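Shown next, in structure tokens, is the structure this report addresses.
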Ligand code: NAD
Ligand code: SER
């Protein structure tokens, strides 16, 4: 029987991942951990622990005593927030990974999931259908930390046999919780504004194409990768995952097919980050190695988001996470 720990569980991915892992392994076998003292409401269906991934000794003690088989390490600063605090972003995104990799190397964890990102690519990478193996010269601190993380994951697998698995997620779109400060956050934010006011000002320009994915697909991919037989996992750095590729203009048009909606554009510092990332991703390796298949296309994703987004979640906050 698996015993699972999700660190950084209170965020955009963790909220839905914990729910799905609990449905699969039983509530009591999946511990959600994050920084807050009190368990967030949406994680209340099972055990919760206050854990700071930067407190290496506390994390080691908790994992060794808890006898966890699998650890999902989600705590990180995302691209836009990381650019505002590069030193701390590097510290958080790297130190936590070493703590978990070392515990697995010592035999205290059987399997690790650690997410990478399309941010590992840079302006010199071919932008269309970006291949698995290609030029990677990221220009953001977030991308540099993810690229370095990928190298270390592969190193720990090759040298120490650590069973670490990873996906280069595209921008993720969901309604359960707000995104945590990424460059792709506009594609979530837009739905709250569409339902509340019928209009939105995008911080990316109209023709900025980026790879995106509806969260249900991303969670399914994550669980599928973790379930795959060890011998099928040929890539121990991180798997490309393509999803759907669209621009703010195309997303706005898909929303306007369903409700009255208008969009304006006021690109800010996030435009340069987006311009350095691919437009679309080739994920044939994930399809071949562990059977990855996309379910949500643009209109299907738009329809489910429009149905479920609750504008009060964003508009009742004193500030948006998308600042
Ligand atoms: P998020 O910002 O929504 O959530 C991160 C969570 O980590 C937050 O709940 C935060 O409180 C927690 N956290 C921060 N510092 C911590 C610490 N010191 N100890 C413990 N917990 C801490 O992020 P997310 O969107 O859920 O992303 C999770 C992971 O997936 C990150 O590694 C991110 O880089 C990666 N990723 C996300 C996306 C996306 O579009 N959301 C895309 C690519 C990769
Ligand atoms: N969605 C993430 C970001 O924009 C990509 O890793 O930071």
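Quick note: the coordinates plus some simple rules give every number you see, no bench work behind them. Note that the structure is predicted; figures quoted are calculated from it, not measured. Quick reminder, even Gly has a Cβ in these numbers, built from the backbone with ideal geometry, and neighbours come from all protein chains shown.
Listing for the model above:
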| item | result |
| --- | --- |
| Shape category assigned to the chain from the gyration tensor of Cα positions, a/c cut at 1.5 | prolate |
| Order of 5, 92 - criterion: other Cβ atoms within 10 Å of each residue's Cβ, fewest first | 92, 5 |
| Inter-label distance, nm, simple model (7 Å from Cα along the C-beta direction), residue 56/residue 269 | 3.0 nm |
| Stretch gain in nm, segment residue 87-residue 41, where the contour uses 0.36 nm per residue and the Cα spacing is subtracted | 13.4 nm |
| Rounded to 10°, Cα long-axis angle of helix 56-66 versus longest principal axis of the chain | 70 degrees |
| Tilt relative to the chain, helix 141-160 - C-alpha long axis, 0 to 90 degrees, to 10 | 30 degrees |
| Cα gyration tensor shape of the stretch 247-323, rounded if a/c is under 1.5, else prolate or oblate by comparing a/b with b/c | prolate |
| Residues of the stretch 1-20 with amide N under 15 Å of a point placed 7 Å along Cα→Cβ from residue 163 | 1-5 |
| Difference of contour (0.36 nm per residue) and Cα-Cα distance, residue 299 to residue 102 | 66.6 nm |
| Residues of the stretch 223-257 with amide N under 17 Å of the 7 Å Cα→Cβ point at residue 155 | 236-238 |
| The stretch 48-180: relative contact order in percent, alpha carbon pairs under 8 Å with at least 6 residues between | 27 percent |
| Share antiparallel - DSSP beta bridges, the chain, percent rounded to 5 | 10 percent |
| Helix-derived mean residue ellipticity, 222 nm - over the chain, DSSP H n ≥ 4, -39500 (n - 2.57), to 500 | -12500 deg cm²/dmol |
| Share, in percent, of DSSP beta bridges within the stretch 166-323 that are antiparallel, nearest 5 | 25 percent |
| Acute angle (nearest 10 degrees) that the helix 215-227 long axis makes with the longest principal axis of the chain, alpha-carbon atoms | 20 degrees |
| Residues 134, 247, 222, 183 arranged by fewest to most Cβ contacts within 10 Å | 134, 247, 222, 183 |
| Cut-off 15 Å, label 7 Å out along Cα→Cβ of residue 1, residues of the stretch 15-52 by amide N | 22-31, 47 |
| Additional length obtainable on full extension of the chain from residue 135 to residue 308, 0.36 nm per residue less Cα span | 58.4 nm |
| Shape of the stretch 35-79, Cα gyration tensor, a/c cut at 1.5 | oblate |
| Largest-first principal axis extents of the Cα set of the stretch 84-159 (Å) | 40, 29, 17 |
| Mean separation of Cα contacts under 8 Å, 6 or more apart, over the residue count of the chain: relative contact order % | 19 percent |
| Residue order, fewest to most beta carbons within 10 Å, for 177, 117 | 177, 117 |
| Radius ratio Rg over Rh of the stretch 172-296, counting only Cα atoms, Kirkwood formula for Rh | 1.02 |
